[in-house]
Amino acid sequence: MSVGTWLLTGYTPLALAAAACAVTRRLPRVGAAATTGAAALSMGVATHTSVLLADTAVPAWHDAHRELPYLFAGSAAAAAGGLGMLAVRPDHARQAVRFAVLGAAAELTAKRLLLRRLGLAAEPYRKGRAGMMMEAGEVLTAAGLAGAFWSAGAGPRRHCPAPR
C-alpha cells in the first residue's frame with residue numbers, strides 16, 4: 001500500500017471525528033485528541049503528492065524536489081486559511097487570516113526559489129499554457145494574500161466601532 005493511502009486512512013477518520021465533535025459540541029476531549037492526530041498527519045497529506053511528482057523522470061518535476069513540498073504545503077495552508085475565513089464571522093477569523101497569509105507567502109516564496117534554482121529546466125513553468133496558468137495562479141495568490149493581510153487589520157485602520 002502506498003504512503004498516501006496510509007496517510008489518508010489515518011487522517012480522514014480523525015478529521016471527521018474532530019469536525020463532528022466541534023459541530024455537536026460533545027466529547028470535547030475526544031475532539032481535541034482527534035484534532036491533534038489530524039494535525040500531526042496533515043502536513044504529510046498536504047505534501048505527499050509533491051513527493052510523487054518529484055519522483056519522476058520529468059526534469060521540471062524531478063529537479064524541483066527541494067521546493068515542491070514547501071510549495072504544496074504553502075498552497076494547502078493558504079487554501080485552509082481561506083476556507084476558515086469563509087466559515088466563521090469576520091471578527092473570529094484572525095487565526096484563519098494568519099494561516100492564509102503565511103501559506104500564501106510560503107507558496108509564493110517557494111515558487112520563486114524553484115524557478116530561480118531550476119534555470120532552463122523551469123522553462124515549462126514559464127512558457128505556453130502552463131506558464132500562463134502559473135502566472136495567473138501567482139497573481140491570484142498575491143491578490144488573496146493582499147486581501148487576507150488587509151482584512152487582518154494591516155491595512156488602513158477602520159474608524160467604526162467593533163461589532164458586539
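The values are calculated or read from the model by the stated rules, or taken from the named source; none is laboratory data. Since we're looking at a predicted model, the values are computed, not measured. So basically every Cβ, Gly included, is an ideal-geometry build from the backbone, and we count neighbours across all protein chains shown.
Tell me yes or no: at least one residue of segment 87-97 is farther than 28 Å from residue 4 by Cβ and under 13 Å from the mean Cα position of the chain (by Cα). Yes, segment 87-97 has at least one match. Here residue 65 meets each of (1) at pLDDT 90 or above; (2) assigned to a helix (DSSP H, G or I) with one exception, condition (2).
Would segment 69-76 turn up any residue that is more than 24 Å from residue 121 (Cα to Cα) and in a helix (DSSP H, G or I)?
Applying the first criterion (more than 24 Å from residue 121 (Cα to Cα)) to segment 69-76 yields 76.
So of that shortlist, the ones also in a helix (DSSP H, G or I) come out as 76.
Yes, segment 69-76 contains a residue that is more than 24 Å from residue 121 (Cα to Cα) and in a helix (DSSP H, G or I).
For segment 62-86, the tally of residues that are surrounded by 16 or more Cβ atoms within 10 Å (Cβ to Cβ) and more than 16 Å from the chain's Cα centre (by Cα) stands at 2.
Residue by residue, here is whether (1) among the basic types (Lys, Arg); (2) under 26 Å from residue 54 (Cα atoms); (3) in a helix (DSSP H, G or I) holds:
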| position | (1), (2), (3) |
| --- | --- |
| 84 | no, no, yes |
| 113 | no, yes, yes |
| 117 | yes, yes, yes |
| 121 | no, yes, yes |
| 125 | no, yes, yes |
| 132 | no, yes, yes |
| 144 | no, no, yes |
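For residue 42, the conditions (1) within 23 Å of residue 144 (Cβ to Cβ); (2) outside the structural domain of residue 5 (by TED's automatic domain parsing) are fulfilled apart from (2). For segment 52-61, check the following and say yes or no: at least one residue is over 18 Å from residue 123 (Cα atoms) and polar (S, T, N, Q). Scanning segment 52-61, I find no residue that is over 18 Å from residue 123 (Cα atoms) and polar (S, T, N, Q), so the answer is no.
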